Amino acid sequence: MKITSRLIVAAMIAGSLAMSGCAYNSSSADVYTASQAQREQSVRMATVESVRAVKISSNNGQPSGLGAIGGGALGAVAGSAIGGGKGSIVTGIIGGIAGAVAGNAVENGVAMRDGLEITVRLDNGDYRAITQTSTGEVFNAGDRVRLLSSGGVTRITH
């Protein structure tokens, strides 16, 4: 197999592995799973006390390994194309290690979402803090909001 053919095959494998890791469970107030739809939710009214920008990791800080595997495979194939004989083996190993590190970093970066930690004061005086994915809905201190709760999941909306 020619070097360019190996690179194309490796790129296709790495791409398909990376794409399979793109699915994520949303923590957005705007996204409901099929099992959450048409379920009754309790509604409480509250006033926003503070809002803080946060990052939400959709993989809970635990990469699946697909980024490292795909990056490692691509790096190994690319590295083995450099040099000849035993030199191509060494560069393939180095390329594989570098590719795995880079692939893991890319997977962790893709898993990060912008979020908001919203602290509210309920009408009964209790305080709650809810973290959810940022959707563009703007929350400011003093805003009246609704807390929608069902099955341990709480969302904040206007």
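The values are calculated or read from the model by the stated rules, or taken from the named source; none is laboratory data. On a predicted model such as this, the values are computed, not experimentally measured, just so you know. No Cβ is skipped: glycine too gets one built from the backbone with ideal geometry, and neighbour counts run over all protein chains shown.
Scanning the stretch 109-158 for residues that are buried (at least 16 other Cβ atoms within 10 Å of the Cβ) and under 17 Å from the mean Cα position of the chain (by Cα) yields V110, A111, R113, G115, L116, Q132, T133, S134. Scanning the stretch 130-153 for residues that are under 23 Å from R39 (Cα atoms) and outside any loop (DSSP other than H, G, I, E, B) yields a count of 11.
The single condition among (1) in contact with a helix residue (DSSP H, G or I) (Cβ under 9 Å, 6 or more places away or on another chain); (2) within 30 Å of V145 (Cα to Cα); (3) at pLDDT below 70 that N25 does not meet is (1).
With respect to D143, determine if the residue is out of contact with any Cys (no Cβ under 8 Å at 6 or more places or on another chain), on the phi < 0 side of the Ramachandran plot and without any contact (Cβ under 8 Å) to a residue 60 or more places away in the chain. Walk me through it before giving the result.
Values: out of contact with any Cys (no Cβ under 8 Å at 6 or more places or on another chain): yes; on the phi < 0 side of the Ramachandran plot: yes; without any contact (Cβ under 8 Å) to a residue 60 or more places away in the chain: no.
No.
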